[in-house]
Amino acid sequence: MAPGRIELPNPVKLLQHLASNLQSRRRSQGSSEELPSRKPAAEQDVEVSAVDLQASAALPLTPPATAGPPAYSAPTGPVTKEDLGRATWTLLHTLAAQYPQNPTRRQQKDVQALVDLLTRIYPCSDCAKHFGELVRKRPPQTGSGEDLQQWITSTSKYF
């Protein structure tokens with residue numbers, strides 16, 4: 001790496017790490033059930049608070065050492081558009097599944113800010129542009145957990 005350059009974490013590994021942490025927290029809360037990989041957000045039974053998500057985001061980017069095999073396999077080559085998309089939709093569906101039914105204004109603004117950031121800094125510029133067009137036509141619905149789950153689910157069908 002050239003001097004003065006910053007090496008950024010692989011976004012897929014970051015999203016997979018977050019999903020792994022959510023599963024670990026769920027297991028530590030007494031549930032042996034794994035998070036479904038492709039179940040719609042409305043059907044997911046995930047009980048994770050916004051504080052848990054913030055704590056997970058602050059954890060190191062390396063997966064925790066476990067006795068068994070890792071919950072995911074890290075990409076060995078360049079990240080594909082499909083891998084990046086799957087990891088992003090997993091994050092968004094998980095966020096929607098844990099989003100409160102009566103969110104505070106701050107929680108609503110945070111979700112809107114996250115969506116806005118994805119339209120501008122997403123690693124796939126074509127995907128960011130497409131997502132931005134969809135968001136302009138159909139802004140995120142953050143008034144309740146159900147509203148956000150429906151918005152995420154209906155928006156993900158366009159990809």
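Of the residues making up the stretch 113-128, just one is closer than 15 Å to Gly85 by Cβ and among the acidic types (Asp, Glu), namely Asp126. Across the stretch 71-102, the qualifying residues are those that are surrounded by fewer than 15 Cβ atoms within 10 Å (Cβ to Cβ) and hydroxyl-bearing (Ser, Thr, Tyr), and the one among them that is modelled with the highest pLDDT is Thr80.
The set of residues in the stretch 90-138 being farther than 15 Å from Lys157 by Cα and assigned to a loop (DSSP other than H, G, I, E, B) consists of Tyr99, Pro100, Gln101, Asn102, Pro103, Thr104, Tyr122, Pro123, Cys124.
The values are calculated or read from the model by the stated rules, or taken from the named source; none is laboratory data. Please read these numbers as outputs of a predicted model, since none were measured by experiment. Note: ideal-geometry Cβ built from the backbone for every residue, glycine included; neighbour counts use all protein chains shown.
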